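Input: a single structure, listed below in structure tokens.
None of the figures in this text is laboratory data; all of them are computed from the coordinates on show. Since the model is a prediction, treat every value here as computed from it, not as a measurement. No Cβ is skipped: glycine too gets one built from the backbone with ideal geometry, and neighbour counts run over all protein chains shown.
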Amino acid sequence: MKRFIQALALLMLAMAVTIPAQAKHKNFKVSVYVRAYEVDKMKDTEWLESTWKTISDQLDVDKIYLETHRDLLIVDDATLEKAKAFFQKQGIEVAGGITYTINESNNFETFSYSDPEDRAMVKKIAEHTAKHFDEFLLDDFFFTSSKKDVEIKAKGNRSWTEYRLELMNEAGRNLVVGPAKAVNPKVKVIIKYPNWYDDFQGLGFNLKDGPQIFDGVWTGTETRDPSGAQHLQNYLSYNIMRYFENISGGRNGGGWVDSGGISMSMDRYAEQLFLTAIAKGRDVMLFDYRQLIGVNLNPMYRGPWQGTGTSWNYDEMTAPFQKGRETVTPTTMARIADVVLRKTDELCGKLGEPLGIQSYKVFHATGEEFLQNYLGMIGLPMDMRSEFPEGRKAVLLTRQAATDPDLVAKMQKQLMAGGEVFITTGLLEAAPEKVAEICELRTDYHKAIVNDFGRYGKSAKDIIIPEINYLTNDSWEIISAGRPLTNGVSGYPFLHRAIYSQGNLYVIAIPEDFGNLYDLPEGVLNELRRYMSKDLDLYMEGPAKVSVFLYDNKTVIVENFNDEPVDVKLVGNGEFSKLTNLETGEVIEFAAGSSAMGGFFRMGPAAKKAPMTIKPHSYMAFSYE
């Protein structure tokens, strides 16, 4: 009886000091992921309390994910329960996490999912985690790169991609989700997919089946330094969120950002957070606890453009501020995240659902990898889907549509309904016989070096493009290029058009180096935007490395990723009168502009344009009417 009374008293005390979790943000949650290494340290109460104070003084957190395993370190039951109780008492929602690596530092060494011992360990970890949490998330590494003898034997005559896709589906069902739910029927198991989505199939990430096997998905939105090993463009932080939302049936939980790229400037980190949120992420995850306490503020993060009124103010972020009765002097990147996400939270409440140019990507297809992110960086709003878009005025098809056996019929249906189909030279090269059903075109693997686009302007760099060969008068060049084109001897199609039934097929000569898209003259970029934006209310005129984000409640964001200010215009695909800045209330009027250049056979209609100047690494957000 005495023990019962003591236990009851402890329970009542715990209930008395536990603060109910209350959302600290209005339009998304802000979460922090804690690696197993740091969770294990939380057995030390002093370390736990002091590190949490460093973070919580600078950053309001809604939810925390406590990892149970990484690199064969399994956090013990007592430490997990201690850390879980600590954060719950702070009013923080708590979930679990797993990283299925054997040795992350050894080329991200993964488990072998055909090895009986490894399979038993994977299952054990899932059961251990489900015992402590009603929700847990798999970090990036639920794939396999193993080519041990057991894997080679199990693969047989299948390709590595075929083998691994089947293997990881089976492992997800039978080693993770099934065992976890057997231990805790209430548990939700979420898979977090990393940012390298175009290569997933080769290592077993199955975007077709995975979202159905698991209870939800999360998204890696880290783009870091675009010139780094992954070469991921800034726009991916937004584009991948929308793609995973589409393929998961609206069950994309949120996006995941780390400190990578912060050495380029504080703005590079801020941009990733901002793009994750304006993609309508339900949660913004900060990876990770260690970085939030250990990446200290540094003057090197202050870009040369700071102090000119840019969107993110490093001096504001590093200045002492009042929190309750306490004056806090910021010390780590946690403060940057808090300032960015608070400002973005206010904006997100004014945005509708995202819109874009729908681009068809067949599941597990390869070729022209990550091209849509480069297109997003030249002001073409992207909306990637793994079903052929229906009922659109314009559809974009890259090489990743080539493997669809019904592609020709789908293209014909689109064109015969009066729509337009834009294809890349990558698709033409991969499926010339399919394109030939619409128009007899070919690339023949020949290349051209160009820098002169005639009346559309000249590029500062030479650009290598595939040569589009066509039958004279069966189809026509809209934009031509040469070196030189004006008073030169050779010209090559850059944007090419073929009439089919009630619609038009366009071919875009994608440069051999996708980065050369940023070197195209403004005149060329403006025409691409005008032609391809038929489904959208607005398109942009201006230079590259400026992105446009449109929403269904007549709101729009224009973001400049350049190191210098840019002058741009938003052009109406209809009768629009004004833009109203969503943050300042400033009004910009649409004014009549000159006619668009148009192709050889037609001039574009005059359209109303709203001019603006956008500061470096800054955005402007508007409603329009």
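Descriptive notes on the structure:
- The residues packed around Tyr470, meaning those with a beta-carbon under 12 Å from its beta-carbon, carry a net charge of -3 if Lys and Arg are +1 and Asp and Glu are -1.
- For segment 426-516, the list of chymotrypsin sites (Phe, Trp or Tyr not before Pro) that fall in a loop by DSSP and count at most 10 other C-beta atoms within 10 angstrom reads Tyr445.
- Estimated distance in nm for a label pair at Asp71 and Tyr37, the labels positioned 7 Å out from Cα along Cα-to-Cβ: 0.5 nm
- Above-threshold pairs, the threshold being 25 Å between Cα atoms, out of Lys26/Lys131; Lys393/Lys569; Lys41/Lys131: Lys26/Lys131
- Taking a point 7 Å out from the Cα of Thr403 in the direction of its Cβ, the residues of segment 415-432 whose backbone N falls within less than 17 Å of it are 426-432.
- Peptides 52-64, 212-224 ranked from most to least packed by the mean count of surrounding Cβ atoms within 10 Å: 212-224, 52-64.
- Antiparallel DSSP beta bridges within segment 18-348, percent to nearest 5: 20 percent
- For the chain, the antiparallel share of DSSP beta bridges with both residues in that region comes to about 55%.
- Based on C-alpha pairs under 8 angstrom that are at least 6 apart in sequence, the chain has a relative contact order of 9 percent.
- Spherically averaged projected area of the chain from its Cα convex hull (nm²): 31.2 nm²
- As a rough guide to protection, the peptides 277-287, 97-107 ranked by mean Cβ packing within 10 Å, highest first, stand as 277-287, 97-107.
- Distance between the 7 Å Cα→Cβ label points at Thr366 and Glu166: 1.9 nm.
- Per-peptide average of other Cβ atoms within 10 Å, ordering 582-592, 238-248 highest first: 238-248, 582-592
- Eligible aspartates and glutamates near Lys208 by straight Cα distance, threshold 15 Å, same-chain separation 8 or greater: Glu162, Glu166, Glu170, Asp198, Asp199, Glu245, Glu387, Asp404
- Antiparallel %, DSSP beta bridges [both residues in segment 458-617], to 5: 95 percent
- Å³ per residue enclosed by the Cα convex hull of segment 260-416: 162 Å³
- Crossing angle, helix 334-348 versus the chain [Cα axis fit, 0-90 degrees, rounded to tens]: 60 degrees
- Total formal charge among the other residues, if their Cβ is under 15 angstrom from that of Asn516, Lys/Arg +1 and Asp/Glu -1: -2
- Computed from Cα positions, the angle between helix 116-130 and the longest principal axis of the chain comes to roughly 70 degrees.
- Extending 7 Å from the Cα toward the beta-carbon at both Ser56 and Asp462 defines two label points whose distance is 6.2 nm.
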